[in-house]
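Participant: First, the structure itself, so that you have it in front of you.
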Amino acid sequence: MVDVSNGVAPARTRKGRWRFTGDSLFHITSEVVAVGVLALLGVISLVLLLAAWNSIATFGPGFLMGSLWDPVHSEFGALPFIYGTLVTSALALLFGVPLSLGIAVFLSELAPNWLRIPLTYIVELLAAVPSVVFGLWAIFVLRPVMKDAVEPAIQSVLGWLPIFQGTPLGLDMLTAGVVLAVMIVPTISAISREALLAVPQSQREAALSLGATRWETTRIGVLSYARSGIFGAVILGLGRAAGETMAVTMTIGNRNIISLSLLQPGQTISSLIATNFTEAETALEQSALIELGLVLLLMTLLINAFGRLVVGRMWRTGEASS
């Protein structure tokens, strides 16, 4: 028996041989590619697991909660770097998401035709800029501004808060978060714009016919309808912020500490791997760095899985309400 429920079963010739049609070949090729992607992810995870097994066997679950990174005494812990990754990623979302949504709304709802297309190209072009270029821009342009103007101004108003205490240096978690925010803006704004453009025109017309203002129409009829796509864009931006390497390495200060203040240097998982992997002197240190890479991989997988779950729930809720 041949399953023809999907409509792509190979056709049978008069001699009894099976002849594959174009549709069936496309279907089989797509399945092979999809399985290949999952297999590649599994191979990467397996290779990292085997390479990090020395560290996993030595430190066990305590590796995730350890705060000491001392190659001299072979003591390694991942907590400062997990903390730095989460803090800088959260700052990137805090600064980048409102700006990205504003750009997306302007391009899809408000921009005139003569400005919409060139501005869209410029925003999407920023996504192709290498991260090292953003790092150089941050060192020579952003750091002086943060050190001499922004951070002292913040301290003069909110210096009583623990998160803004310390000496402004310009190479700290706050600066790294600002750089990451700039880097994720093109990704979030481009995907959010496509989600807003996919909203049916009837949504806007219905809101306007009920007497809603332009802002109320955008907020109620457009943004609420496209919330699942916008949330997916935010999750993709978060994934890029968590895995960014060069720009963060050049701006975060690279100190293996846990500090509540955003004006203190820090370290992320990717920045530590980039700066220390080639200088690892022992097999255990190299294994610990690879285990950090495995932790980062699991973090990004969990972020994307959570985003997919929430987007699917939002979509089902929207379908039910409509």
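The values are calculated or read from the model by the stated rules, or taken from the named source; none is laboratory data. Note that this is a predicted model, so its numbers are computed, not measured. Note that we place each Cβ from the backbone using ideal geometry, even for glycine, and neighbour counts take in every protein chain shown.
Participant: Evaluate the following for residue 240: is it more than 19 Å from residue 180 (Cβ to Cβ) and at pLDDT below 90?
Facilitator: Judged against the criteria, residue 240 is not a match.
Participant: Among the residues of region 220-232, is any among the charged types (D, E, K, R) and over 26 Å from residue 305 (Cα atoms)?
Facilitator: No, there is no match, as no residue in region 220-232 is among the charged types (D, E, K, R) and over 26 Å from residue 305 (Cα atoms).
Participant: Next question, about the same structure. Looking at residue 136, is it crowded, with 19+ Cβ neighbours inside 10 Å and closer than 30 Å to residue 299 by Cβ?
Facilitator: Spelling it out, it is not the case that residue 136 is crowded, with 19+ Cβ neighbours inside 10 Å and closer than 30 Å to residue 299 by Cβ.
Participant: Counting only residues that are closer than 30 Å to residue 266 by Cα and of a type in the set (D, E, K, R), how many does region 28-80 have?
Facilitator: Looking only at that region, the number is 2.
Participant: Return the residue satisfying two criteria in turn: it lies in region 60-86 and is assigned to a loop (DSSP other than H, G, I, E, B) and touching a Gly at 6+ places or on another chain (Cβ under 8 Å), and of such residues it is nearest to residue 242 (Cα to Cα).
Facilitator: Residue satisfying both the conditions and the ranking: 78.
Participant: Taking residue 150 as the residue in question, decide whether it is farther than 19 Å from residue 95 by Cα, among the hydrophobic types (A, V, I, L, M, F, W, C), assigned to a helix (DSSP H, G or I) and without any contact (Cβ under 8 Å) to a residue 24 or more places away in the chain.
Facilitator: Details: farther than 19 Å from residue 95 by Cα: no; among the hydrophobic types (A, V, I, L, M, F, W, C): yes; assigned to a helix (DSSP H, G or I): yes; without any contact (Cβ under 8 Å) to a residue 24 or more places away in the chain: yes.
Judged against the criteria, residue 150 is not a match.
Participant: What number of residues within region 1-46 are touching a helix residue (DSSP H, G or I) at 6+ places or on another chain (Cβ under 9 Å) and modelled with pLDDT of 60 or more?
Facilitator: Total satisfying the criteria: 4.
Participant: Let me confirm something: among 239, 266, 243, which residue is crowded, with 22+ Cβ neighbours inside 10 Å and either within 29 Å of residue 126 (Cβ to Cβ) or in contact (Cβ under 8 Å) with a residue 40 or more places away in the chain (or both)?
Facilitator: 266 is the lone residue from the list that is crowded, with 22+ Cβ neighbours inside 10 Å and either within 29 Å of residue 126 (Cβ to Cβ) or in contact (Cβ under 8 Å) with a residue 40 or more places away in the chain (or both).
Participant: A follow-up question, please. Need pairs with beta-carbon distance below 8 Å; first residue touching a residue at least 40 places away in the same chain (Cβ under 8 Å) and within region 33-57, second surrounded by 10 or more Cβ atoms within 10 Å (Cβ to Cβ) and not in a helix (DSSP H, G or I); sequence gap 6+ or separate chains.
Facilitator: Sorted first by the residue in region 33-57, then by its partner, the pairs are 55/76.
For (1) over 18 Å from residue 100 (Cβ atoms); (2) polar (S, T, N, Q); (3) at pLDDT 90 or above, each residue gets a yes or a no:
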position	(1), (2), (3)
119	no, no, no
124	no, no, no
142	yes, no, yes
203	yes, yes, no
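Participant: How do the pairs read when you match residues in region 157-169 that are under 17 Å from residue 258 (Cβ atoms) and touching a residue at least 24 places away in the same chain (Cβ under 8 Å) with residues anywhere that are surrounded by 14 or more Cβ atoms within 10 Å (Cβ to Cβ) and among the hydrophobic types (A, V, I, L, M, F, W, C), using Cβ under 6 Å and keeping only pairs 6 or more apart or on different chains?
Facilitator: 163/262; 164/154; 166/263
Participant: Continuing with this model, one more query. (1) modelled with pLDDT of 90 or more; (2) in contact with a helix residue (DSSP H, G or I) (Cβ under 8 Å, 6 or more places away or on another chain): which one isn't true of residue 170, the others all being true?
Facilitator: In the conditions (1) modelled with pLDDT of 90 or more; (2) in contact with a helix residue (DSSP H, G or I) (Cβ under 8 Å, 6 or more places away or on another chain), residue 170 misses (1) alone.
Participant: A further question on this structure: Filtering region 262-297 down to residues that are part of a loop (DSSP other than H, G, I, E, B), among the polar types (S, T, N, Q) and modelled with pLDDT of 90 or more, which residue is farthest from residue 152 (Cα to Cα)? Working first, answer last.
Facilitator: Of the residues in region 262-297, the ones part of a loop (DSSP other than H, G, I, E, B) are 262-265, 267-268, 280-282.
Checking the rest, the ones that are also among the polar types (S, T, N, Q) come to 264, 267-268, 282.
Imposing the further condition that a residue be modelled with pLDDT of 90 or more reduces the set to 264, 267-268.
Working: 264: 13, 267: 22, 268: 25 Å.
Going through the qualifying residues, I end up with 268.
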